[in-house]
Structures are given as C-alpha cells and as structure tokens.
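The values are calculated or read from the model by the stated rules, or taken from the named source; none is laboratory data. Just so it is clear, the structure is predicted and the values come from calculations on it, not from any experiment. All Cβ positions, glycine included, derive from the backbone under ideal geometry; neighbour counts span all protein chains shown. Accessible surface areas use protein heavy atoms only, side chains included; no ligands, DNA or RNA. Shrake-Rupley method; radii C 1.70, N 1.55, O 1.52, S 1.80 Å.
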Amino acid sequence: GPAVILFDGSGLSQFETFVPSKGLNNDTDHIFTVEDGVIHVSGKEFGFVITKQEYADYYLTAEFKWGEGTFAPRAGKARDAGILYDVTGPLQVWPSSVEFQIQEGATGDIYLCNSFALTSREGNRVIGRPGQYVGIPRIGKGPWKDETGYRDPEGDPEKPHGEWNQVELVVQGDHVKYYVNGKLVNEMSQTVVTKGKILFQSEGAEVFYRDIRLYPLK
C-alpha cells in the first residue's frame, strides 16, 4: 500500500508525547522538538513519542543519529534509544512491547518489555516478565561495554558517531526482521501480539530521528 508518512520533517502530527513526570502531551521541558526537519530528542528525561494509530503487517524505515549529551541515569554510559513496536497497554517506561534496540555497540538487539514473548531465530522461546527486559543479541554481536562511544570490535553495523543510520523493521504476520544500514541484524517469530502502536524513545542520550515512513504489507 501507499506509504504512511509518520514524520515528514514538519511536525509531530502523527504522534503523542509521553514523559512520566508530566504525562501525555505535556512535554513542557521540550524533551522532543522538531528542528530543521528532524526530531531532536534531548535525552534529559526518559519518555517517548508514540503513534496515535496501531499498525500491523508493515515495513518501517527511519533514520537516527546521535547527538553529544548523555544524562542521568545513563550519563557516561553507551548512548541509548530505540523503537518499541506492538505497543499495547498502559503508557509507562516502558509499555508492553518489543524493542528494536538503538544503542552504541548494540543497535539491532531485540528486547522484550513487560511480559512479551517470542521465539528467537534459534527456536528458543523467550519470555519477558513484568518489569523485566529480556534481550536477544543481534547476529554476530561481539563483546559489549556500557560506556559512551562504545563500538563493536567485531564490526559495528552502525556508522561512526554523528552520521545518520538507517534502521528498517519488517513485521509480517508472526515474523519480524531488523536491518541496520541495509544489513540483516536480527529476526524472530511467533510474537504473541502482532499489532500495536510504535514509539521512539528518549533514554538518557541526545538523539535525532528523521524520515520515518511505514508501508503496509499484504
């Protein structure tokens, strides 16, 4: 089907904002702003922009690049952000969902947020627990350290700091694939929920998002 332009550079009309200390659509500290055609995320507080609509069976493409800042409770740690999809249930940090992890040295990892279950590419059943976040490393991931600027010594699909990266998410029926800069980095199957809202995180690091498009799949 035709593209759903979730962010075209002009505004956040397709999204709502959520910051735990302020609630829904009350981002008075400007964690999320639109500047020069991109979404500028300050990272100074955890939160997210979340689609107004739910989606199922789609190809999603977006671009991100890191800014400089890191902030408590992740000051000095690997810059962290992410895309959560199949989001259902109460808005919180973080709602029931699956994460396309965006993090220095770990972009393309899968995280299950709050009781989400799936089957990994090796055929293992993986189940998150309430309040817990269970991860599945990306394909070929090397050692990782939680420090600002960290890069995977075994070949990082992410471009050097300050360059734009493309992330692509394919959610089709019970199968999911993650791509970073054109490289397949993760896949899984048999998600319990295959429809939900999509959110883009603020998680303690300054980050920019742009060119967010979704294409419905048959």
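Eigen-decomposition of the gyration tensor built on the alpha-carbon atoms of region 23-92 gives equivalent ellipsoid semi-axes of 22, 16, 14 angstrom, largest listed first. The charge dipole of the chain, taken about its Cα centre with unit charges on the Cβ of Lys, Arg, Asp and Glu (plus for the first two, minus for the last two), comes to roughly 500 debye. A straight Cα-to-Cα reach below 23 Å connects Lys65 with the lysines Lys44, Lys77, Lys141, Lys145, Lys159, Lys177, Lys183, Lys197, residues fewer than 8 places away in its own chain not being considered.
Reported to the nearest whole Å, the Cα centre-to-centre distance from region 158-190 to region 63-87 is 17. Each of Phe15, His175, Thr51 was placed along the dipole of the chain (beta-carbon charges, centred on the mean Cα), and the one lying farthest toward the positive end is His175.
How much of the calculated P(r) for the chain lies past 29 Å, in percent of all Cα pairs?
On the way: 4120 of 23653 pairs.
In whole percent, the share of Cα-Cα pairs in the chain beyond 29 Å is 17.
Of the trypsin sites (Lys or Arg not before Pro) found in region 1-56, the ones in coil according to DSSP and having at most 12 other Cβ atoms within 10 Å of their Cβ are Lys52. Stokes-Einstein diffusion for region 178-218 at 20 °C, viscosity 1.002 mPa s, with a Kirkwood radius from C-alpha pairs, works out to 157 µm²/s.
When the chain is treated as a Gaussian network with alpha carbon springs shorter than 10 Å, the biggest mean-square fluctuation among Asp109, Asp86, Asp29 belongs to Asp29.
For the options Ser120, Ser21, Ser189, a Gaussian network treatment of the chain with springs between C-alpha atoms closer than 10 Å singles out Ser21 as fluctuating the most. Surface composition of region 49-185: carbon plus sulfur atoms contribute 49% of the solvent-accessible area (1.4 Å probe, protein chains only, all chains present).
Per residue, how many Å² of accessible area does the chain show with a 1.4 Å probe?
Solvent-accessible surface per residue comes out at 42 Å².
Rg over Rh for region 124-204 works out to 0.96, both radii taken from alpha-carbon positions and Rh defined as the Kirkwood radius. Starting from the Cα gyration tensor of region 51-143, take the square roots of the eigenvalues, sort them a ≥ b ≥ c, and report rounded, prolate or oblate (rounded when a/c is under 1.5, otherwise prolate if a/b is larger than b/c, else oblate). Rounded. Among Ile102, Ile139, Ile198, whose mean-square fluctuation peaks in a Gaussian network model of the chain (Cα, cutoff 10 Å)? With Cα springs under 10 Å in the chain, the top fluctuation among Ile102, Ile139, Ile198 is at Ile139. Backbone amide hydrogens, once placed in the peptide plane, bring Tyr150 within less than 5 Å of Arg79, excluding anything fewer than 5 places away on its chain.
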